[in-house]
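First up is the structure itself, then whatever we jot down about it.
Derivation of every value follows stated rules applied to the coordinates shown; laboratory data play no part. Since the structure is predicted, the reported quantities are computational estimates derived from the model, not experimental observations. With ideal geometry, Cβ positions are generated from the backbone for all residues, glycine too; neighbour counts draw on all protein chains shown.
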Amino acid sequence: MSKLRIFRNRNLLILVPIISSLLLVVLACGGDDADTAAESSDAAAAAKPTATTAAAKPAKAAEPKAPAASDGPSGTLTAALKTVGTPIGTPGLCVPGCANEKYFYSAFDTILQWHVDGKVVPAVAESWELASDLSSFTWHIRPGIPFHTGGAGGGGKDWGEVTAEDVAFSFDQVNSNTNPESVHDVAGDMSCCYGPTTVIDTYTAETEIIAYDSRAPGWLMTNLRDSFGISSKKVYDEFGSDGMREVFVGSGPYQILEWTQGDRVVLEAVDHYRKTPDVKTVTLLEVPEEASRIAMFKAGEAHITHTSLPNVSVLEDAGGVKRLLEVSIRHIGMNPNFLEKINPKTGEKLDNPGFDPSFPWVSDPFADGCNWDVLLEVVPDEADVCDEMNNPRKVRRAMSMAIDRDALVEGLLNGLGKPGCNWAISVDNAAHKDEWCMKHDPDGARALMEEAGQGPFTIGIWVGNEPQEIHQAVSSMWEQELGITTEYHTGPFSVWQPTFVDRSFQHLVFDGEQGGMPAHYAKGREAQAWFAGGIMWSGGIPFYQRIYGNMLGESDEGKRTAMAIEFGDHEEFWDWDPTLWEEPIYTVYTGSYMDWELESTSMHTQSSNFIYPLEDITLK
Amino acid sequence: MAKVILRRIVLGFIALFVAMLILFSLSRATGDPRYIFIGPEGIGIDPEVWDLMGEKLHLDKPVPVQFAYWVSDMVRGDFGESIALQRPVLQVIKDRLPNTLKLAVASWILGTIIGVPLGVFSATNRGKFLDYLFRGFALLGQSLPIFWVGIVLIFFFAAQLQWLPAGTKGEGGFISFKHLLLPAITLAWYPAASYLRITRTAMLEVLDTEYVKLARAKGVGMYTVWWKHAFRNAIIPPLTLSVFVLFGLVNGTVIVETVFAWPGIGRLAIEALWATDFPLLAGITIIFGALYLLMILMLDLVYAFLDPRIKYS
Amino acid sequence: MRMFFIMRRYPIIPMMVIGLLIITAIFGTWMEPHDPIRADVLSRHIPPFWMEGGDTKFILGTDALGRDVLSRIIGGASVTLLVVTASVTTGVVVGTGLGLVTGYFGGLVDDVVMRVVDAWGILPQLLIIIIIVLTFGQGLFVLIGVLAMLSWTGAVRLVRAETLSLRSRDYVLLAQIAGASNTRIIFRHILPGVINMVIVTATLGTGTIILTEASLSFLGAGIPPPDPTWGKMVGDERMYVGAAWWTSFFPGIAIAMVVMSGNFLGDWMRDRFDPTLRQL
């Protein structure tokens, strides 16, 4: 009798965790899941746990929707991104990176657009003129572009249409000349060259040009790289800067219904002059973990995502179709230990307190017997170059020679990229010269090191918190072939190179450049930094400083291309920034669920989003 | 009694103050604190902005004065502005705190309802196979790295079997159990293990006492002995543990939220790290510290209520 | 059956694991089949030898940079051992010292130290560690220092409590009357009474330290590359868990086994030394 009671009591105990676990599982599997695209899965999922399996598979998710297009936008789409960024309202408050989100999410429209063919095409402005004396841009705004009415915060209200006032407001907000508090990514870029934007009439605005920038209007006025969308002045008048952090009123083909930092963005299609989207609701989820993004893609929870290159094939095996966004040229900044002593624009002296020529790879133009002017020639006569500049050059060259680029591409990129030769001009570009390409030659490298009288040494590399595969692979090659040991410096970049205050950076940095840009565009860091006195890996090199400035001010495309080629030759001799490879940046989408024919595209690399343009997506 | 509570509160505030001192010292530890306050790009800061920052941080004044400014700002609710997010720190934390709380509370509940009963069960079946099984389960829970467990769970249940979602919080209103399950399991394993072990030990000790032996000798039924006598006393250590468990959950959420893309404070802290967003990180730390302090105080009150024998030292 | 009972007396397996760890840590360089640091991108992600595509040259397969997983696990052993020993020792020594001093002398010193200990106790450990890494950067010494901080408060509280109770014992009072210096009393009379407990706590704490180091490395805040630590191995390879599971799986197992053994050993030691200590 008592034994029975004990037995019962024991079961009581063990039943508690068992029952509660089962309860949890049932709750978990019975829950409503709005993330999977299949709306009909809800009924099935509520029944039993096993139903979730069926509901989550892509097959279910590709259930036939209402017939598309003619009836207006319909259907849902989910994308898994590394980050959804921070909602920032006023253009001027747009911290670096946020610009991409705002128009990559197709919610804000830029004044012009960059077409997939590489041309600048009308957008908010249906036409524009550059004054013959290069003193201003005139924008003719397309009438009848409505601002979003149903967006978050400002929803339900009619904010009218896009007028010159809004354009002038947006421009002036971003431009640090007109808004000194602007922290927008291109604030400084504009400050060099553009003055206030004035309203001429309802649909005409004029932007003053202080200094001609040969890359405009493509560079700052389109979605080519970082830019700014057109915001509504009325919204700003009503809500102010702070209020605009929650009110998203743009004029793009999608309006923002929700933007929760760290979690998700929900977009809804609206009628648009460019193209009314097919997909009604787009949800962007922030999923920083690549493994989770892959899992979500495989499970059909996300239809678009982005991963590192080696995992693209994993996605393709799961039914993914890859779409090329851009090619990124990876290179090693080997001379960020700045040389430039004079601001090339203003002529004032620059302070390089941290310049340290004791490193074996740093050329020292300030040593006795060295001639600074050789740095300003395209390719100097080697006899004119003093040892303190030439030997480090040979060291850099040797290090570049010791890298087996084919192995890197084969091993780290699964063969999906190709070796690169010049960071400013892609190998596929017509202006590219084969002579710029470095051949893998370990013996030659060793001979060159001997010639330079340099034995093994230690070098520092800043790796930040990104995946460090490429750094380790390259330094392994250096160690094997040349006996160079590497120290890795992690942590935020600002700890290693704070500001202009101490403008020298004694470690290598591996960087990437946009490969698809035309050769005649001045490459490298934005004009902002340059006009403030030169910075960034290649920015500290005197010859590049001059090229950059000249290219900006030169209106003839042919001449600009010639200057870029000159720099290529200069770089080939000096090896300031050995190029490693050109890697494709892909976005991957579920082929059975959607199609993505491009009508326009942005060429921004290194973006965390990879989901532009949304209005071109059609569901199957 | 009230005096003791008051003393505890005062000590608590002192602890919080010292904690803030520690944080402040860290921010000034490497010289000019502005270097930590710069965004990840760190390029293109105008000398004007640099100087402005110096003014805001009162760098012209002596260090103790700077600390005074900092503390007084915090007391008034001004935790500064997040550098990366350009929004007030407190607001950012407020937005994402509920998510972490949901996850932490769910994990705590899960850990308790699995750990404690199994612990009692283990104690009453000491030496048997199930005892060893549960103790093995507990041992694993305290030995496996959380991030590894999370990754493996995602791999199996989300990627391979596709039974559960691979991450994020999900849409469902207050809570989405489907999305909560895997992160909660990952986070709850360690606490469940701790609870199991400590409940087991406590039960064993109590069952061994004279008092219980006497009761059983008198013929009181096992059931009564277990529940009325042993368990009531054995519950004290697990209760103490609860505070530590909740504290440990804070550490755990940092990792679990990262692995499962859960939009809570833990992940915010990591993002703050990589964005060198010191104000945000400091704010999160202080908030957690204050919350923990609150929990300790509440625990003291619960103690007093539960067992008048417990003396305050 | 007999063996079973004998084995139950001593935690054989945990001792073997810890022993293996120590041997591997010291002699690892000779035990590694390959160089754990040298990258060879063309041998990337080779599966373990029993799987298709595997090679007996790389028993547990290779990682994203073509490095042998087994060699890196062996290499990681020495880092793990070094970091753990150094941080536990530092933390416990500092904590014990402080505990002895505050427990014995009391007064203002005691108050101040205890307030700092309290303050430290309410701050979330991982976050403070992250802030310190943010401020001071990454590196071996920062890591050891930061991990040492995990153990010092526990040691202080414990030692202080014990010191307080021992201080009023007869033999201590006698020594004081006899004119012995404070230092002598502390070291000769109080410390021995405390030391067992300290060792047990230290051993039990190693598990937490290893897991915390692994978590830090996983988050990318640990030791900079290319030195292998087990946590870093799991962290770096986590995006490949689908395609190359062996790169994250085996280091995780290594961590688990060492932590488990540490816990077992600590429990056993505690039971042996003083069964009345069985609280946690």
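Take the Cα of C:ILE59, step 7 Å along the line toward its Cβ, and report every residue of region C:251-273 whose backbone nitrogen sits under 15 Å from that point. Within reach of a label on C:ILE59: C:251, C:254.
Amide H to amide H distances under 5 Å link A:PHE248 with A:ALA152, A:GLY154, where only residues 5 or more positions off or on other chains count and H is placed in the peptide plane. Put a dot 7 Å past the Cα of A:GLU348, heading toward its Cβ, do the same for A:THR458, and the two dots end up 3.9 nm apart.
Of B:MET295, A:MET334, the sequence from fewest to most neighbouring Cβ atoms within 10 angstrom is B:MET295, A:MET334.
Output the peptides A:193-199, C:102-108 sorted from most to least packed, where packing is the average of other Cβ atoms within 10 Å over each peptide's residues.
A:193-199, C:102-108
Between C:VAL93 and A:ASP158, the distance separating the two model label sites (each 7 Å from Cα on the Cα→Cβ line) works out to 7.9 nm. For region A:141-203, the Cβ-based charge dipole about the Cα centre amounts to some 120 debye (Lys, Arg positive; Asp, Glu negative; other atoms uncharged).
Between 0 and 90 degrees, the angle of helix C:125-136 with respect to the longest Cα principal axis of chain C falls at about 70 degrees.
Could you calculate the FRET efficiency of C:MET31 with B:ASN125 from 1/(1 + (r/R0)^6), where r is the beta carbon distance between them and R0 is 35 Å, rounded to 0.05? Efficiency, rounded to the nearest 0.05: 0.25.
Just counting partner chain Cβ atoms within 10 Å, what average do the residues of peptide A:297-310 show around their Cβ?
On the way: counts 2, 6, 10, 1, 7, 3, 0, 0, 0, 0, 1, 3, 0, 7.
Taking the mean over all residues of the peptide, I get 3.
Modelled spin labels at A:VAL378 and C:PHE273, positioned 7 Å past Cα toward Cβ, are 7.8 nm from each other.
In the structure shown, the pairs A:LYS82/A:LYS620; A:LYS433/A:LYS523; A:LYS322/A:LYS523; A:LYS322/B:LYS169 are assessed against 22 Å; a Cα-Cα span above that value is assigned to A:LYS82/A:LYS620; A:LYS322/A:LYS523; A:LYS322/B:LYS169.
For the segment B:132-141, counting C-beta atoms of other chains within 10 Å of every residue's C-beta and taking the mean gives 1.
Each residue in C:ILE195, B:ILE198 was given a count of other beta-carbon atoms within 10 angstrom of its own, and listing them fewest first yields C:ILE195, B:ILE198. For region A:414-480, a/c is not less than 1.5, where a ≥ b ≥ c are the root eigenvalues of the C-alpha gyration tensor, and a/b does not top b/c. That puts it in the oblate class. Between A:ASP368 and A:ASP406, the FRET efficiency estimated from the beta carbon spacing at R0 = 60 angstrom works out to 0.90.
Legend: mean number of C-beta atoms from other chains within 10 angstrom of residue C-beta atoms, peptide B:174-182, equals 5. For region A:309-320, 3J(HN,Hα) computed residue by residue from phi via the Karplus equation (6.51, -1.76, 1.60; θ = phi - 60°) reads 4, x, 8, 4, 5, 4, 5, 5, 5, 8, x, x Hz, glycine and proline entered as x. Once backbone amide H atoms are built at 1.01 Å from N, A:TRP581 has A:ARG330, A:GLY420 as its partners under 5 Å, excluding neighbours fewer than 5 places away on the same chain.
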